[in-house]
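The values are calculated or read from the model by the stated rules, or taken from the named source; none is laboratory data. Here the structure is a predicted model, which means the values were calculated and not measured. Ideal geometry is used to build each Cβ from the backbone, glycine not excepted, and the neighbour counts take in all protein chains shown. Surface areas here come from the heavy atoms of the whole protein model, side chains and all, with no ligands, DNA or RNA. Shrake-Rupley method; radii C 1.70, N 1.55, O 1.52, S 1.80 Å.
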Amino acid sequence: MTTSTVHYRTCPLCEAMCGLEIQVQDDEVRRIRADREDVWSRGFLCPKGTTLGHLHHDPDRLREPMVRDGDRWSAVGWDAAFARCEELLHGVRDTAGPGALTAYIGNPVAHNFSLGRYVGLFMGVAGFPMIYSAGTVDQWPKNVACALMYGNMWLIPAPDIARTDYWLVMGGNPQASQGSLLACPDVLGEIDRIRERGGKTVVIDPRRTGTADRADEWVPIVPGTDAALLLAIAHVLFEDGLVDLGDVAELVVGVDAVRAACRDFTPEAVAETCRIDAATIRRLAHELAGARRAVVYGRIGLCNQEFGTLASWLVDVVNVLTGNFDRPGGMMFGKPIAWPLASLPNPQWANGYQFGRWRSRVRGAPEVLGQVPVSCLAEEIATPGEGQIRGLVTIAGNPVISAPDASRLDAALGGLDAMISVDNYLNETTRHAHVILPGLSALEQPHYDELIWSWASRSAGNYSPAIFPRLDRPHEWEILARLGGLCAGMRNDDIDVGALDDGFCTALIEATGLTPEVVLGHYDHGGPERLLDLTIRTGPWGDRYGAVPDGLTLESFRAEPHGIDRGPMVPRAREVVCTRSGKIELAPDYILGDLPRLRSRLGRASDGLVLISRRHLRSNNSWMHNVQVLMKGKDRCTLLIHPDDAARAGVAHGGVARISSEAGALDVPVEVTDEMMPGVVSLPHGWGHDLDGVQLSVAREHAGVNNNRLAPGHLVDEISGNAVVNGIPVEVVPA
Ligand SMILES: Nc1nc2c(c(=O)[nH]1)N[C@H]1C(S)=C(S)[C@@H](COP(=O)(O)OP(=O)(O)OC[C@H]3O[C@@H](n4cnc5c(=O)[nH]c(N)nc54)[C@H](O)[C@@H]3O)O[C@H]1N2
Ligand SMILES: Nc1nc2c(c(=O)[nH]1)N[C@H]1C(S)=C(S)[C@@H](COP(=O)(O)OP(=O)(O)OC[C@H]3O[C@@H](n4cnc5c(=O)[nH]c(N)nc54)[C@H](O)[C@@H]3O)O[C@H]1N2
Ligand code: SF4
Ligand SMILES: [Mo]
């Protein structure tokens with residue numbers, strides 16, 4: 001007899017958090033479509049969400065631990081795998097010391113039920129002196145700005161686009177990404193709704209993206225010059241008497257310092273550098289100030305660039321100056337139903353933020369928020385001497401594709417004495433591992449987003465139980481706890497994962513002010529579901545373990561498969577800002593100190609070609625090209641180039657170009673299109689799958705090229721250490 005069941009769950013793949021309806025027959029996913037009753041996404045989804053079954057059933061997905069001996073991989077049991085990890089990790093500790101071990105944390109950590117909640121436990125137990133992450137090729141500039149302005153690196157405000165009348169989008173393309181540091185289903189639909197209520201959306205981007213096509217106006221900009229543009233907008237706001245802080249006025253300090261900082265950044269002074277005429281800059285400033293509710297938003301194009309921190313900071317500055325901060329339709333802080341662990345105060349910075357507390361060994365890069373650029377990793381592995389990295393744990397990361405100077409990192413990983421990867425695939429990075437410990441598929445584990453609700457347009461939430469529960473093997477949180485112990489030198493047999501988990505949970509309970517013994521008494525299980533219940537029950541709508549009648553618990557969510565919604569964003573700056581002054585620090589000295597670097601940029605000619613990155617709706621960073629149904633259609637890994645530049649370079653549509661930078665060269669098919677502004681070419685990131693040993697049968701057939709082989713590792717936004725992968729000087733010639 002066959003049984004067919006229907007399940008409701010949240011897609012974990014991106015920040016849109018769509019509700020799915022999943023039909024399963026005999027352990028096989030039959031159909032996935034949108035859950036039209038989902039309180040948050042209301043029937044929205046994208047093509048990736050319908051492929052969770054493909055990912056689950058993918059024959060290339062690793063289901064057992066893999067151990068490598070030379071070029072030979074063998075599947076082994078969990079005990080044998082951990083025994084091998086012990087041997088390898090302890091080998092490095094014994095010969096080179098604990099400082100020779102580190103970790104790289106990848107993007108899916110932020111999307112995975114276990115990993116997101118337990119990566120902190122892993123790092124705490126392992127006690128690494130430093131770690132690396134995808135964060136320094138992503139949002140590190142925004143983290144720096146928010147740490148200094150609001151007091152917590154993860155206190156990131158988001159645009160309330162569902163209620164705004166004017167949206168200025170800079171360096172983000174939600175048509176492909178579905179929005180980032182901005183959680184809202186159907187972002188493009190919101191652009192239509194802004195227009196329907198008489199408003200306007202303007203996109204500032206070197207490329208006329210799908211988002212720009214849907215918006216009302218596209219303003220091309222020279223990559224890396226957004227900070228200059230925003231300073232000029234601020235200049236006009238001051239000059240024309242348009243500054244009005246509104247409700248947050250008495251909460252903000254530093255307005256005069258901002259006024260002084262933008263004094264010489266007149267529209268005329270920046271126009272040539274940005275290639276935006278002064279009249280347009282003045283008009284944008286007046287439109288922002290004149291709209292009833294307006295909001296500026298910046299994303300990866302503003303972070304992964306030469307002046308990432310200045311640009312990310314100035315986005316918020318302009319929102320504050322126009323009275324659009326902490327009010328509906330402007331820039332607001334989210335209010336998650338379950339508080340994210342990252343919202344807890346970090347004792348490291350109890351006495352204020354200090355950067356450069358230590359430096360990387362080889363290039364001397366200053367530490368920023370506890371990390372140095374991921375582009376340091378290759379040289380830290382490859383350069384002999386005291387402190388050389390000999391052992392690496394990667395957790396849901398593929399830095400051989402996603403990190404700058406990819407060729408060097410690829411080579412360096414091959415020389416490690418111990419490499420352990422917690423990953424679901426044998427791919428470009430994990431092929432170098434000695435042991436791969438596979439995670440679960442999305443459908444094998446529960447889900448409730450940990451961090452993303454922090455910047456969501458509504459206070460909603462949705463718990464998804466596992467569709468194919470796995471009781472026969474460790475879940476990723478257990479893997480992390482055990483690996484942390486092994487990295488710390490504990491013996492495998494002595495590691496008590498339950499005790500580590502209880503200790504972690506106890507510390508979190510203490511942070512809520514409740515009594516650990518009492519709270520722990522409510523549970524007969526540990527793991528991420530206990531933490532989730534704790535963060536719901538002690539959150540803004542929680543039952544506080546009975547103290548608040550009718551308050552929410554995880555059980556409340558189990559009873560509501562389409563989720564729970566507690567309404568739109570509300571003003572909360574007064575409640576959450578936690579700087580030492582208690583104020584919004586509009587002009588942190590650390591960030592102002594970077595202005596001379598920007599000033600010197602104004603004089604720099606930009607006559608050559610520069611390379612930027614792009615995303616596509618049917619890709620997800622580097623790891624979903626193995627899903628056949630997403631790979632249909634024309635080649636996506638192409639070089640986009642403006643007709644004038646193509647003519648000058650002598651390359652033709654459909655031909656192959658050689659693109660080179662100081663870091664490397666690639667041959668890639670050409671797409672000539674006026675969606676690029678002249679002087680700027682674009683490659684997608686996340687490709688280059690045809691390396692030896694990669695076990696991705698579909699992706700190998702559509703290998704593409706790795707654009708990070710062109711990204712020089714020394715190019716970083718100096719004050720955050722974030723990689724500059726947008727605005728790389730390149731040359732293009734026929735291949
Ligand atoms: N040139 C250029 N480079 C970029 C960017 C760019 O725009 N341009 N963008 C940057 C950004 S924003 C990011 S976030 C990074 C991404 O950088 P990474 O996080 O390093 O790369 P991903 O491609 O997301 O790789 C995810 C890895 O996790 C594995 N994985 C997927 N799901 C799971 C899971 O549930 N559990 C486990 N254990 N493993 C899983 C996949 O197999 C893959 O190996 O790339 C950055 N690099
Ligand atoms: N389908 C899909 N969705 C994803 C991902 C994915 O790989 N695929 N990745 C996820 C991740 S990890 C992230 S971080 C988010 C990122 O989300 P987004 O920030 O929306 O990412 P992109 O689509 O790369 O859009 C970045 C835009 O910045 C522009 N840009 C580049 N340089 C500059 C510059 O100097 N100035 C300005 N103004 N613009 C510039 C590019 O042309 C591009 O249009 O997406 C997430 N969602
Ligand atoms: S937009 Fe697509 S990938 Fe993102 S959560 Fe929704 S269905 Fe999943
Ligand atoms: Mo990202």
Point to revise | Number of the exception - residue 517 against (1) open to solvent by 60 Å² or more (accessible area, probe 1.4 Å); (2) part of a loop (DSSP other than H, G, I, E, B); (3) under 25 Å from residue 346 (Cα atoms); (4) not aliphatic (A, V, I, L, M) | key: (2)
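Just to check your reading of the model, which residue among 155, 182, 188, 168 is without any contact (Cβ under 8 Å) to a residue 40 or more places away in the chain and not charged (D, E, K, R)?
On the way: 155 fails: without any contact (Cβ under 8 Å) to a residue 40 or more places away in the chain; 182 fails: without any contact (Cβ under 8 Å) to a residue 40 or more places away in the chain; 168 fails: without any contact (Cβ under 8 Å) to a residue 40 or more places away in the chain.
Exactly one of 155, 182, 188, 168 is without any contact (Cβ under 8 Å) to a residue 40 or more places away in the chain and not charged (D, E, K, R), namely 188.
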Exercise for review: Please tell me if residue 237 is open to solvent by less than 10 Å² (accessible area, probe 1.4 Å), farther than 30 Å from residue 580 by Cβ and not hydroxyl-bearing (Ser, Thr, Tyr).
Suggested key: no
Check your understanding: Can you find a residue in the range 636-646 that is assigned to a helix (DSSP H, G or I), of a type outside the set (Val, Ile, Thr), under 22 Å from residue 149 (Cβ atoms) and open to solvent by 30 Å² or more (accessible area, probe 1.4 Å)?
Key -> no
Review point. If we keep just the residues of the range 689-723 that are within 14 Å of ligand 2 (Cβ to nearest atom) and open to solvent by 10 Å² or more (accessible area, probe 1.4 Å), which is farthest from the chain's Cα centre (by Cα)?
Key: 704
Practice item. Could you tell me which numbered condition residue 145 fails, if it satisfies all but one of (1) in contact (Cβ under 8 Å) with a residue 60 or more places away in the chain; (2) of a type in the set (A, V, I, L, M); (3) farther than 27 Å from residue 579 by Cβ; (4) open to solvent by less than 20 Å² (accessible area, probe 1.4 Å)? Key: (3)
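Looking at 580, 566, 574, which is the one that is in a helix (DSSP H, G or I), basic (Lys, Arg) and open to solvent by 70 Å² or more (accessible area, probe 1.4 Å)? Outline the logic, then answer.
On the way: 580 fails: in a helix (DSSP H, G or I); 566 fails: in a helix (DSSP H, G or I).
None of the other options fit; the residue is 574.
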Exercise for review: Please find, among 159, 98, 141, 108, the residue that is in contact with a Cys (Cβ under 9 Å, 6 or more places away or on another chain) and farther than 30 Å from residue 364 by Cβ.
Suggested key: 159
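Would you check which residues across the range 477-494 are of a type in the set (D, E, K, R) and closer than 12 Å to residue 121 by Cβ and list them? Give the steps one after another, and end with the answer.
Step one: list which residues in the range 477-494 are of a type in the set (D, E, K, R), which gives 478, 482, 491, 493-494.
The answer is 478, 482.
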Check your understanding: Counting only residues that are open to solvent by 20 Å² or more (accessible area, probe 1.4 Å) and farther than 20 Å from residue 344 by Cβ, how many does the range 148-179 have?
Key -> 6
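Is it the case that residue 61 is under 30 Å from residue 497 (Cα atoms), more than 16 Å from ligand 4 (Cβ to nearest atom) and either outside the structural domain of residue 492 (by TED's automatic domain parsing) or among the basic types (Lys, Arg) (or both)? I'd like the intermediate steps shown before the answer.
Values: under 30 Å from residue 497 (Cα atoms): yes; more than 16 Å from ligand 4 (Cβ to nearest atom): yes; either outside the structural domain of residue 492 (by TED's automatic domain parsing) or among the basic types (Lys, Arg) (or both): yes.
Yes; evaluated as a whole, the condition is true for this residue.
Could you say whether any residue in the range 603-624 is under 25 Å from the mean Cα position of the chain (by Cα), more than 16 Å from ligand 1 (Cβ to nearest atom) and crowded, with 16+ Cβ neighbours inside 10 Å?
First pass over the range 603-624, keeping only residues under 25 Å from the mean Cα position of the chain (by Cα): 610-624.
If we keep only those that are more than 16 Å from ligand 1 (Cβ to nearest atom) too, we end up with none.
Checking the range 603-624: not a single residue is under 25 Å from the mean Cα position of the chain (by Cα), more than 16 Å from ligand 1 (Cβ to nearest atom) and crowded, with 16+ Cβ neighbours inside 10 Å.
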Exercise for review: Identify the single condition in (1) touching a Gly at 6+ places or on another chain (Cβ under 7 Å); (2) away from ligand 4 (no atom under 16 Å from the Cβ); (3) part of a loop (DSSP other than H, G, I, E, B) that residue 42 does not satisfy, given that it satisfies every other one.
Suggested key: (1)
Practice item. Return the only residue of 364, 356 being without any contact (Cβ under 8 Å) to a residue 24 or more places away in the chain, out of contact with any strand residue (DSSP E or B) (no Cβ under 7 Å at 6 or more places or on another chain), part of a loop (DSSP other than H, G, I, E, B) and within 22 Å of residue 722 (Cβ to Cβ). Key: 364
Check your understanding: Taking the range 321-350 only, how many residues are touching a residue at least 12 places away in the same chain (Cβ under 8 Å) and farther than 26 Å from residue 457 by Cα?
Key -> 2
Practice item. Return the total of residues in the range 691-730 being away from ligand 4 (no atom under 16 Å from the Cβ) and part of a helix (DSSP H, G or I). Key: 6
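From 114, 41, which residue is small (Gly, Ala, Ser) and within 13 Å of ligand 1 (Cβ to nearest atom)?
Values: 41 fails: within 13 Å of ligand 1 (Cβ to nearest atom).
Sole residue among the options that is small (Gly, Ala, Ser) and within 13 Å of ligand 1 (Cβ to nearest atom): 114.
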Practice item. Please verify whether the range 656-673 includes one or more residues that are at pLDDT 95 or above, under 25 Å from residue 432 (Cβ atoms), part of a strand (DSSP E or B) and of a type in the set (D, E, K, R). Key: yes
Exercise for review: Select from the range 88-107 the residues that are under 26 Å from residue 694 (Cβ atoms) and out of contact with any Asp or Glu (no Cβ under 9 Å at 6 or more places or on another chain) and list them in ascending order.
Suggested key: 89, 101, 103, 104, 105
**Study point:** Selected residue (criterion: most open to solvent (accessible area, probe 1.4 Å)) from residues of the range 396-440 that are within 7 Å of ligand 1 (Cβ to nearest atom) and of a type in the set (Gly, Ala, Ser)
**Key:** 402
**Study point:** Evaluation of residue 203 against (1) in a helix (DSSP H, G or I); (2) among the hydrophobic types (A, V, I, L, M, F, W, C); (3) buried (at least 23 other Cβ atoms within 10 Å of the Cβ); (4) in contact with a Phe, Trp or Tyr (Cβ under 6 Å, 6 or more places away or on another chain) (one fails), failing number
**Key:** (1)
Check your understanding: So which of 62, 52 ends up being within 28 Å of residue 451 (Cβ to Cβ), away from ligand 2 (no atom under 16 Å from the Cβ) and open to solvent by less than 20 Å² (accessible area, probe 1.4 Å)?
Key -> 62
Practice item. Could you tell me whether residue 401 is out of contact with any strand residue (DSSP E or B) (no Cβ under 8 Å at 6 or more places or on another chain), within 16 Å of ligand 4 (Cβ to nearest atom) and either at pLDDT 95 or above or under 20 Å from residue 664 (Cβ atoms) (or both)? Key: yes
Practice item. Determine which member of the set 520, 531 is in contact (Cβ under 8 Å) with a residue 60 or more places away in the chain, in contact with a Cys (Cβ under 8 Å, 6 or more places away or on another chain) and assigned by TED's automatic domain parsing to the domain that holds residue 485. Key: 531
Exercise for review: Mind listing whichever residues of the range 46-92 are touching a residue at least 40 places away in the same chain (Cβ under 8 Å), assigned to a helix (DSSP H, G or I), within 16 Å of ligand 1 (Cβ to nearest atom) and not polar (S, T, N, Q)?
Suggested key: 48, 52, 53, 54, 55, 56, 78, 81, 82, 85
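Taking the range 310-338, which residues are part of a strand (DSSP E or B) and open to solvent by 10 Å² or more (accessible area, probe 1.4 Å)?
Narrowing the range 310-338 to residues part of a strand (DSSP E or B): 325, 331-332.
Across the range 310-338, there are no qualifying residues.
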Point to revise | Matching option when the condition is more than 16 Å from ligand 1 (Cβ to nearest atom), without any contact (Cβ under 8 Å) to a residue 24 or more places away in the chain and under 26 Å from residue 368 (Cβ atoms), among 260, 228, 279 | key: 260
